[in-house]
Amino acid sequence: MSQPTATHRFRTQHSEIADIVSKIETILTKPTWSAQAQDIRQAFSELSAKLRIHLALEDDV
């Protein structure tokens, strides 16, 4: 099986990043968002990790 191209990996990562941002937006639009502070923190941690990986890949390519 062949390795995915860099373009394919970028598109996959963009989709994953958009999903995490959407998750954060969904939580923050609720009036009770502050009760989900731990979920928000976790989502931002996931976003940070995905962005670091994505930016490193962009630098390499």
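The values are calculated or read from the model by the stated rules, or taken from the named source; none is laboratory data. Model, not experiment: these values are computed from the prediction. Heads up, the Cβs are rebuilt from the backbone with ideal geometry, glycines too, and the neighbour counts pull from every protein chain shown. For accessibility, only protein heavy atoms count, side chains too; no ligands or nucleic acids. Shrake-Rupley method; radii C 1.70, N 1.55, O 1.52, S 1.80 Å.
Among residues of region 36-61 being part of a helix (DSSP H, G or I) and open to solvent by 90 Å² or more (accessible area, probe 1.4 Å), the one that is farthest from T7 (Cα to Cα) is Q38.
Looking only at residues of region 18-35 that are in a helix (DSSP H, G or I) and touching a helix residue (DSSP H, G or I) at 6+ places or on another chain (Cβ under 8 Å), we find that the one that is farthest from L51 (Cα to Cα) is W33. Could you give every pair whose Cβ atoms fall below 8 Å, whose first residue belongs to region 1-17 and is closer than 13 Å to K50 by Cα, and whose second residue is open to solvent by 100 Å² or more (accessible area, probe 1.4 Å), counting only separations of at least 6 or pairs across chains? As it stands, the answer is Q13/I53, since those pairs meet every condition given.
What do you reckon, is H14 surrounded by fewer than 11 Cβ atoms within 10 Å (Cβ to Cβ), out of contact with any strand residue (DSSP E or B) (no Cβ under 7 Å at 6 or more places or on another chain) and not aliphatic (A, V, I, L, M)? So H14 fails the test.
Of the residues contained in region 20-27, none is found to be open to solvent by 90 Å² or more (accessible area, probe 1.4 Å) and within 18 Å of T7 (Cβ to Cβ).
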